[in-house]
Amino acid sequence: MDFKSLHQKYVLTPWVAQASLNPPVVVRGEGVWLQDEAGRRYLDLSSGLVALNLGHGHPRLVRAISEQAATLAYAAPSLFHDKRALLAKALSDLAPWQEGARTFFAPSGTEANEDALKFVRHLTGRFKVLAAYRSFHGATHASASLTGENRRWPAEPGTAPGVVHFFAPYPYRSPFYTEDPKEETRRALEHLERVLLHEDPKRVAAIFLEPVVGSNGVIVYPEGYLKGVRALCDRYGILLVFDEVMTGFGRTGALFACEKAGTQPDLLCLSKGLSGGCLPIAVTLATEEIYQAFYDDDPTRAFYHSHSYTGNPLACAVSVASFQLLLSEPERYQSLETRHWQCQQQYLADLNNLKQFRTCGTIAAMELETEASYFSELVPQLRRRFIELGVLLRPLGNTVYILPPYCVTDGELATVYQAIRQVAIEVAEGYFTAASA
Ligand SMILES: Cc1ncc(COP(=O)(O)O)c(C=O)c1O
């Protein structure tokens, strides 16, 4: 059967222009590799959409899903369930709060953020929330409203009201006109406080932040910034929500980015790596103090919110197994930062059109010197070229990201760096049409 034609005829593919779409029809996955129907193999160096931390087809995860499927595949969110309880306990044990955490389950990262938004409004009785420019919080309406970049624009003007954006530090093109990280932190905090005062802090429920900015360029905030935001929140009685949908579960080289930054949020949203990329699941973790605000016999004080697949048993079972695997081999995600730098030195250091190489744990990113924006026609050309070279990468605008599953070998990592080298040279030599760049 011609699956490519079937797909082209019946599927609306997300995030991309539909005409002339031609990705491979993938049928198998093993470790870092995907295989198409013709048997051609591709290195999946984006970990799918940064979800596949443990690689494709891990036998322990396959077993966890099949055993759970044979036992109980669905349980209504209001019922108690063994794997939900086990997973919430495991998350509580490693949550950033000494007293542990309460888990609210959801099917996806965007919903975890929406849930957090409902929580903070419900808890504080305030309506406004602040979020940063250069952030992505999801594609559903409220999360798209939180999002501080052009993936929000197509949702406008239907986006949710009450969101105010501010500028956070951006070391590569400072919005605060400084190259000194200390000064960047000081000016960014002063700006944030000024925005708060202009909005009336008593009307602000929460500040949403990615503690390390993911798909907007891998931005590690300068020393002191997140702590400063925490202090501002405390000063004005505002809740701090960290969106670690992308950065959780080892992505930044620590289990959670907030742990690395030494800053505790009040709510923590997690998703992508939780099930090892096998099934959709997300969580909003809250402090016990927040949970207690809902602890009552009065039904009007319940949290009226959930989804049909919230805490799905299959997703919880595989997440319990994935979490155990992750914790048993921390060196896998801890070693990648050094390995990225070694590859950068070996394959990219001499190229003049690759700038601002940066890493954060398992993540590496770099900027191709072109004018490519998010909507540039160069981006699909680059993706297609990487596919021709047998590597699945998702450049966004002019930024190329490497987000490997943690089981990637040195040889596999070298292959992707060689592919990026080749594409960067081709860009410099004008291989791609000038009009599209
Ligand atoms: C930081 C962040 N938040 C939220 C989301 C949305 O998660 P999902 O795609 O599971 O809805 C993403 C997805 O890329 C993300 O990177």
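Any read-out appearing in this document is the output of simple, stated calculations on the displayed coordinates, not a laboratory observation. A quick note: this is a predicted structure, and the numbers were derived from the prediction, not measured. Using ideal geometry, Cβ is built from the backbone for each residue, glycine included, and neighbour counts are taken over all protein chains shown.
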Q. Using the alpha-carbon centroid of each, what span in Å lies between region 1-78 and region 324-389?
A. 22 Å
(Q) Can you tell me the convex hull volume per residue for region 79-182, based on C-alpha atoms, in Å³ to the nearest whole number? (A) 169 Å³
(Q) On the principal axes of its Cα set, how long, how wide and how thick is the chain? Give whole Å, largest value first. (A) 65, 59, 43
(Q) Using DSSP H assignments, which helices in the chain have an axial alpha-carbon span of 20 Å or above and a mean Kyte-Doolittle hydropathy of -0.5 or higher? (A) 313-328, 410-428
Q) Between E369 and H307, 0.36 nm times their residue separation minus their Cα-Cα distance comes to what? A) 18.0 nm
Q: Once you have the Kirkwood Rh of region 1-133 from its Cα pairs, apply Stokes-Einstein at 4 °C and 1.567 mPa s and quote D in µm²/s.
A: 67 µm²/s
**Q.** Cα-based convex hull volume of region 235-354 per residue, rounded to whole Å³
**A.** 188 Å³
Q: Quick one: of K89/K118; K83/K128; K83/K272; K128/K182, which pairs are farther than 27 Å apart, Cα to Cα?
A: K83/K128; K128/K182
Q) How much FRET efficiency would the formula 1/(1 + (r/R0)^6) give for R173 and R40, where r is the Cβ-Cβ distance and R0 is 56 Å, rounded to 0.05? A) 0.90
